[in-house]
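The values are calculated or read from the model by the stated rules, or taken from the named source; none is laboratory data. This is a predicted model, so every value here is computed, not measured. Cβ: placed from backbone, ideal geometry, glycine included. Neighbour counts: every protein chain shown. Please note that ligands, DNA and RNA were not included when accessible areas were found on the heavy atoms of the full protein model with its side chains. Shrake-Rupley method; radii C 1.70, N 1.55, O 1.52, S 1.80 Å.
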Amino acid sequence: MEKEENLPYIHRDISWLSFNARVLQEAKDPTVPLFERLKFLAIYSSNLDEFFRVRVANHHNLLRVGKKTKKKLDYNPKQLVKQILTIVNEQQEEFSRIFEKEITPELNQYNIHIRRRLELNEEQKEFLDDYFSDHLLPFVQPVLLMGNKVKPFLNNGALYLAIQMYDKDDIRGVKDYYALVKIPSDHLPRFIELPSKQGHRDIIILDDIVRYSVGTMFPGYEIKDTYSIKLTRDAELYIDDEYSGNLIQKIKNSLAKRHVGPPSRFVYDREMPPQLLTYISDMFGIQKNGWLREGRYHNNADFFKFPNFGLTHLQNQPLPPLPYTLLENSKDFFGEIKKRDQLINFPFHSYESVVRFFEEAAADPFVTHIKIVQYRVAKKSRIMAALINAVKSGKQVSCFVEVKARFDEEANLYWGDVLEKAGVQVHYSWPGIKVHAKVALVIRAENKSTKLYSYMSSGNFHEDTAKIYGDFGLFTARRKLTLEIARLFSYLETKKKPRTPFKYLLVGQFNLRPSLVSFIDKEIANAKAGKPSGITIKLNSLQDREMVAKLYEASQASVPVRIISRGICCLLPGIKGVSDNIKVISIVDRFLEHARVFIFHNNGEDNLYVSSADWMTRNLSYRIETVFPIFDKNIKKEIMHLVELQWSDNVKARVIDKKQTNDYQKTKSDVPNRSQLETYYYFKRKEQKEK
């Protein structure tokens, strides 16, 4: 086997850009309802914002450090940033084409018109005059840029108009003056409905109201033109590898600085003249390797808020979450779990069973303890409310709060404070370790003994994201699993490593990586011995070089390897002599694929695991993750059926190959199989049978 560094491997950020291109594909798919296509433009833009705030910002930091640090890398940051910008610029061209040439004309067909200031009638102009004085005036911040004098601070992610103008006394307009005006999209709606003739729906974007009104802000100047700009700043806290000091205080201090970090991206209207672009870049110290040209409008994540005018037929038809009646309607909630394991599949199932797990535990007089790991949680959380109620009922409640959950640090600190004040025993993460496990434990006194009940999932305890994220959740009272969950909580609460090793759970920092390697090695050995073999993994990201090398080794031993990777896939399938036996697909659809499932053939006795962990180095080596086995034969059969539905998807599945073309998968079947819809109706039929 070749050394890992010599094997085919695509950088994770280039692979991620390929994933975001799949999101953009949904925006141009004519079979996707019109308003949903606008949402995919918003998702693409939101994804890209975070990518530049974190990943690209990190590469810019590497460019600023010394050569010794760069030598430790397995890539050239300068070349990578250049490659990223090339790809993103191409994608932005496609974004503009989709919006201007496809979506806008289709909006017009439904008499929805996005008007620009030169297209307005007199009534609409009067409306804008009033809107400016009544709403905009308190928020706009016009600033004349005066050479080397004090320059304004560009807020992270804020929209500005860069204005090119000349003095009205300069008849020929020889000398250009430049100014900035902030577009107050953080205070006002981005899309404003205009007075329209009957049957028409006219909209103007806030940016264009500012453009329309900008002349009144600079009365001594003649406006030549205006161009929108935006600065993205480094939002990483850089605390993951710190091993000393007060972590909570460091995070609080870092949060205060997050919005004033160094620039990682300068977005500008591609029509902006070079001299204005250079002037602004020089004034604000923006390097050329941070320039990114876009269309007329930025912050396109605001398309999430595009008005729908009640035209529900231009949206996805509702798929209301199905009740998991066995638990939701049960008069003996914990008794049902004790009878057999229960599997919930979100968002197809309602999240009510998970919420009820905690509410039942809070109210049950026989429950003595509740334990939970909080990674991301809803702003209004019934689960958090249940924990507080449990304390009021005299129960011992313990919550491990991961304060390094990116962009949820502030929310988690808030909830930690609320829970502590309510009497919950709150344990915070410590430097060097991030806890990504999705587990909870309830201890109940039954018949003079204690019974443990656990909930384990691939997704967070988040009532809102459970409506759009595809995840599996398992309720179990199996002692061999619940005892190990209890052992995990003991470690999180005391930081003392358990004396007894984990036997059934695969836990990050303990047995996760070696166990996965062992499973792959067994498939390799079986294949070499002429026995049946196979590996099927479903995850969000595959990046770890050791695991990529192991899968290549399995392929070369003739082990069939199937991978469903929603996002990053650094492995390159279909390369002769290396990855001939590996196939990879990715599914992007109305729900976000978030579940991780690992299936190893095991000579016909399939080992099946559900996980919180992706196969990334950070998950396998630097986090506390949980990977739990499925023992119940019926549940195992069901998960395998659902994975097969995804593998045979011929509507929303894309083939991942070495060329990163994202071609839609074609199967032998002429019958369309859109796996998310098929999954929903599978559970709907199952529910009807059980009634």
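Odds and ends about this structure:
- Rounded FRET efficiency, nearest 0.05, which uses the C-beta distance separating residue 282 from residue 155 and R0 of 30 Å: 0.95
- Using a probe radius of 1.4 angstrom, the carbon and sulfur fraction of the accessible surface of region 90-195 is 47%.
- Peptides 347-357, 197-207, 649-659 ranked from most to least packed, by the mean per-residue count of other Cβ atoms within 10 Å: 347-357, 649-659, 197-207.
- Once the chain from residue 168 to residue 468 is taken as fully extended at 0.36 nm per residue, the excess over their C-alpha distance is 102.5 nm.
- The shape of region 266-361 comes out prolate: with a ≥ b ≥ c from the C-alpha gyration tensor, a/c is at least 1.5 and a/b beats b/c.
- At R0 = 45 Å, FRET efficiency that the Cβ-Cβ distance of residue 411 and residue 368 yields, to 0.05: 0.95
- Rolling a 1.4 angstrom probe over the protein heavy atoms with all chains in place gives the chain an accessible area of 45 Å² per residue.
- Taking trypsin sites (Lys or Arg not before Pro) across region 542-640, the ones in a DSSP loop with at most 10 further Cβ atoms lying within 10 angstrom of their Cβ are 576.
- Percent accessible area from carbon and sulfur atoms, region 373-498, protein chains only, probe 1.4 Å: 49 percent
- Per-residue extension of 0.36 nm, minus the Cα-Cα distance of residue 580 and residue 669, leaves a gain of 29.7 nm for this segment.
- Segment residue 329-residue 58, length gained on full extension (0.36 nm per residue, minus Cα span): 92.6 nm
- Rg and Dmax over the alpha-carbon atoms of the chain stand at 27.5, 95 Å.
- Burial order of peptide ranges 120-130, 310-320 (average beta-carbon count within 10 Å, highest first): 120-130, 310-320
- Global geometry of region 576-635, whether rounded, prolate or oblate, following the gyration tensor of its Cα atoms and the 1.5 cut on a/c: rounded
- Order by protection proxy (mean Cβ within 10 Å, highest first), peptides 80-91, 436-447: 436-447, 80-91
- Across the accessible surface of region 581-691, with the other protein chains kept in place and a 1.4 Å probe, carbon and sulfur atoms take up 49 percent.
- Whether region 491-573 is rounded, prolate or oblate, judged on the alpha carbon gyration tensor where a/c under 1.5 counts as rounded: oblate
- Rg/Rh ratio calculated on Cα atoms of region 116-189 (Kirkwood radius): 1.03
- Rounded to whole numbers, the Karplus 3J(HN,Hα) couplings from phi for region 283-290 are 4, 9, x, 9, 6, 4, 6, x Hz, using 6.51 cos²θ - 1.76 cosθ + 1.60 with θ = phi - 60°, and x at Gly and Pro.
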